[in-house]
Amino acid sequence: MSGTLLYQPGHTFLHRADARAKIAAIIVVLVLALTTTRIDVLVALTAVVVLGLAVLARITPVSYARALLLIVPLILLLTLLQALVQGGPALATVGGVSLSQEGVLLGLGIGMRLFAMGICFYGFSLTTSPSDIALALHKAGLPYKFAYLTSFAFRFLPLLQDEARTLLTAMAVRGSAETSSRHPIRRGRAIVRMLFPMLAGSMKRSSEIALSMELRGYSLPGPRTFYRTHSFRTGDAFLVVGVLLLAAALLVMQWQLPAPFTEGA
Amino acid sequence: MTAPAIAVSGLSVRYDGADRRALDEVAFEAVPGEILGILGPTGAGKSTLMQCLSGVIPRHEEDAAMRGDIEVFGRPLPDFAGLSEITESVGLVMQDPEVQLVNTMVREELVWGMENRGIPVPEIERRLRRACDLFDIGGLLDRFTHALSGGEKQRVVVASVFCLSPRIMLLDEPTSELDPAGTEGVMDAIRVLADEGVTVLVVEHKIEELAVHADRLLAMRRGRVEAIGTPRDVLMGSAAPDRPQVLDIALRLRERGHWDGEVPLSVPAAAATWQSMTNDPRSDRNRS
């Protein structure tokens, strides 16, 4: 990883794939994940996404293990909340508080949904350069000047990160104990104090960056050339068709198979 | 006589709220293929001058009032349609490289300006190869721009302006973050461009480098041109803000009667002069 950017150049299938194909695949996965809370369908979807990233982009769970450490407690919290607020038969009773079976399944389902969508975006960010995203949007019909801004946003993030780091360091060397405090409230106070100068610095920088862009012909009206172009190839079509087939299979699974852990299942 | 690439007369600038002019009746000319080094202490108006020559003042900086005339190849600057049109002839490298890197990867950064101008891809590739050779950045092409060192960023920024093939290049402290070898590399590249007919105006604090590489120097102080001429004339005059150490030493030696050769502007020149002086059978040094 490089700063705020996740993108890592590479030569895997997903690195070479057209960004439009990847965006289409993500949309299909998102729609699937958001239209069901069935735990078996979401587990199957997540498994296919994990397997797909490993095979097509050599992104193994080890590379997002740290993110998993953050997301697992979130899933557990969601599950607990749903177990407490949902009705239905109890799965277990702890200290007089009954945990709803339906709530547990719903919480796990929502957690799996977040997980599937999260690693999908992670895989996309890791294999797609910001300029490819801009090119894809341009090819999809968005004027280049607007499409480019998506790519530029990724360039602006490390600038903000540097600015924040510099300000925090400046505060620390002038004796502010809050900047290095582990106490979340004190640390938060330091961040709030840093926000105004960071905003002012960003405004100044954005004006200078706008000037640099202008000096390099950003607003020229004439036709533009594209040094790097992506064409939608057979492999990209296979990716989209593959994801659509997966969606069809999971929809069949949802409609044809009874939900697990329910009466009569 | 060669027609000037850039001609400035009566140029004055005052920023809103400032107690004095940032530029005060500045006038000079630079001819095609010339390297004009601009010297001066902080606040002398060097960067303001660069911004005027590139059209940034008054087109982008609204808090600066400007008067005077600037002509680029005989065409008054106000006649250009906008900054983008001016930059077809005049390329500006600003002081801070960070704000000039607007893409995430170095290769994208170098080609982006050319793409905006609609330059055909084979020509983009040719210029890209040339930029890599001139500025020694071939190994950086697939790196993230934000992850480069300060010196690498500067070389990429200069190269990205070079890729636009302007006939005039304005470089505002292009080597401030470079080590001696990197500085030498950029200065050599500037000389190659000048030999090809590009007019280069370069603001630098590294006076030793300018003394050797510039064709003429322009010394500024408090917004005014104090002196303009060959490096030797300017640096030996009273208007020079500073002098290369080697020149200072040679002048002191001359005062004491130990240096009778030409006053050098660089250490290699000093060594060569010293050698010729010590080999001279008439020299006192050989008799002692």
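The values are calculated or read from the model by the stated rules, or taken from the named source; none is laboratory data. What you are looking at is a predicted structure, and each value in this text was computed from that prediction instead of being measured. Cβ placement follows ideal geometry from the backbone for every residue including glycine, while neighbour counts extend to all protein chains displayed. Heads up: the accessible areas ignore ligands, DNA and RNA and are worked out on the full protein's heavy atoms, side chains in. Shrake-Rupley method; radii C 1.70, N 1.55, O 1.52, S 1.80 Å.
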Label point distance in nm, residue B:133-residue A:66, each placed 7 Å from Cα along Cα→Cβ: 4.3 nm
J(HN,Hα) series, the range B:55-64, from Karplus relation 6.51 cos²θ - 1.76 cosθ + 1.60, nearest Hz, glycine and proline x: x, 4, 9, x, 6, 10, 8, 8, 9, 10
Between the range B:1-64 and the range B:147-205, the alpha-carbon center distance in angstrom: 19 Å
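How charged is the neighbourhood of residue B:114? Take every other residue with its Cβ under 15 Å from the Cβ of residue B:114, and add Lys/Arg as +1 and Asp/Glu as -1.
On the way: positive: A:216, A:224, A:228, B:107, B:117, B:126, B:127, B:129, B:130; negative: B:88, B:108, B:109, B:115, B:123, B:125.
The answer is +3.
Heavy atoms only, probe 1.4 Å: what % of the accessible area of the range A:111-265 goes to carbon and sulfur, would you let me know? Mind showing how you got there, number by number?
Numbers: 6110 of 8770 Å².
Answer for the range A:111-265 is 70 percent, counting heavy atoms of protein chains only.
Could you compute the net charge surrounding residue A:10? Neighbours are other residues with a C-beta less than 15 Å from the C-beta of residue A:10; K and R count +1, D and E count -1. If you can, show how the numbers build up before the last one.
Working: positive: A:16, A:22, A:58, B:143; negative: A:132, B:142.
So the environment of residue A:10 carries a net charge of +2.
Could you tell me which of rounded, prolate or oblate describes chain B, using a ≥ b ≥ c as the square roots of the eigenvalues of the alpha-carbon gyration tensor, with rounded for a/c under 1.5 and, failing that, prolate when a/b is larger than b/c and oblate otherwise?
Oblate.
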Drop in accessible area of at least 40 Å² in the complex versus isolated chain, residues of the range A:211-252, 1.4 Å probe: A:211, A:212, A:214, A:215, A:216, A:220, A:224, A:225, A:227
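Among bridges DSSP assigns within the range B:164-288, what percent are antiparallel (round to 5)? Can you show the working numbers first?
Details: 5 of 10 bridges.
Antiparallel bridges: around 50 percent, rounded to the nearest 5.
Out of the total accessible area of the range B:104-228 (probe 1.4 Å, heavy atoms of protein only), what percent is carbon and sulfur? Intermediate values should be presented prior to the final figure.
On the way: 2090 of 4420 Å².
C and S atoms contribute 47 percent here.
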Net +/- balance of residues flanking residue A:21 in space, Cβ distance below 14 Å, scoring K and R +1, D and E -1: +2
Cα-based helix-to-principal-axis angle, B:150-162 vs chain B, degrees rounded to 10: 70 degrees
Sorted largest first, extent of the range A:1-74 alpha carbons per principal axis (Å): 36, 29, 22
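Helix-only estimate, please: 222 nm mean residue ellipticity of chain B, summing -39500 (n - 2.57) across DSSP H runs of length 4 or more and dividing by its residues, to the nearest 500.
Details: 12 runs with 112 residues, N = 288.
Estimated from H runs of four or more residues: -11000 deg cm²/dmol.
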Distant-in-sequence amide H partners of residue B:169 (H built 1.01 Å from N, under 5 Å): B:91, B:199, B:200, B:201
Listed residues B:82, B:223, B:118, most fluctuating in chain B (Gaussian network, C-alpha, under 10 Å): B:118
Most fluctuating residue given options A:47, A:210, A:33, as computed from a GNM of chain A linking Cα atoms under 10 Å: A:210
Where only C-alpha atoms are counted, convex hull volume of chain A per residue in Å³: 180 Å³
Between the range A:174-209 and the range A:75-95, the Cα center-to-center distance that results, in Å: 40 Å
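Taking the range B:1-38, which trypsin sites (Lys or Arg not before Pro) meet the DSSP loop condition and have no more than 16 other C-beta atoms within 10 Å?
Values: sites: B:14, B:20, B:21; in loops: B:20, B:21.
Answer in residue order: B:20.
May I ask you to list the trypsin sites (Lys or Arg not before Pro) in the range B:187-281 that are in a DSSP loop and have at most 11 other Cβ atoms within 10 Å of their Cβ?
Details: sites: B:191, B:206, B:216, B:221, B:222, B:224, B:232, B:252, B:254, B:256; in loops: B:206, B:222, B:256.
Hits after loop and neighbour filter: B:256.
Cα convex hull of the protein assembly as shown: how many Å³ per residue? Don't skip to the end; give the middle numbers.
Values: hull volume 125.6 nm³, N = 553.
Here the figure is 227 Å³ per residue.
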Pairwise label distance in nanometres, residue B:88 with residue A:93, each label 7 Å out on the Cα-Cβ vector: 8.5 nm
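Under a 1.4 Å probe, what is the accessible area of the protein assembly as shown per residue, stated in Å²? Write down the numbers at each step before the final one.
Details: 26940 Å² over 553 residues.
I get 49 Å² per residue for the protein assembly as shown.
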Kyte-Doolittle at least -1.0, axis length at least 27 Å by Cα - qualifying DSSP helices, chain A: A:65-85, A:101-127, A:144-173, A:184-215, A:234-256
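Which of the GluC sites (Glu not before Pro) found in the range B:58-138 are in a DSSP loop and have at most 14 neighbouring Cβ atoms, other than their own, within 10 Å? Walk me through the numbers on the way to the answer.
On the way: sites: B:61, B:62, B:71, B:85, B:88, B:98, B:108, B:109, B:115, B:123, B:125; in loops: B:61, B:62, B:88.
For GluC sites (Glu not before Pro) across the range B:58-138 that sit outside H, G, I, E and B with at most 14 neighbouring Cβ atoms in 10 Å, the list reads B:62.
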Where labels lie 7 Å past Cα in the beta-carbon direction, separation of residue A:150 and residue A:232 in nm: 1.5 nm
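Once B and A are treated as a pair rather than alone, how much accessible area drops out, both sides summed, in Å² to 100, probe 1.4 Å?
3300 Å²
For the range B:100-165, state the semi-axes of the equivalent ellipsoid (square roots of 5 times the eigenvalues of the alpha-carbon gyration tensor), sorted largest first and rounded to whole angstrom.
Details: eigenvalues 64, 30, 19 Å².
Whole-Å semi-axes of the equivalent ellipsoid: 18, 12, 10.
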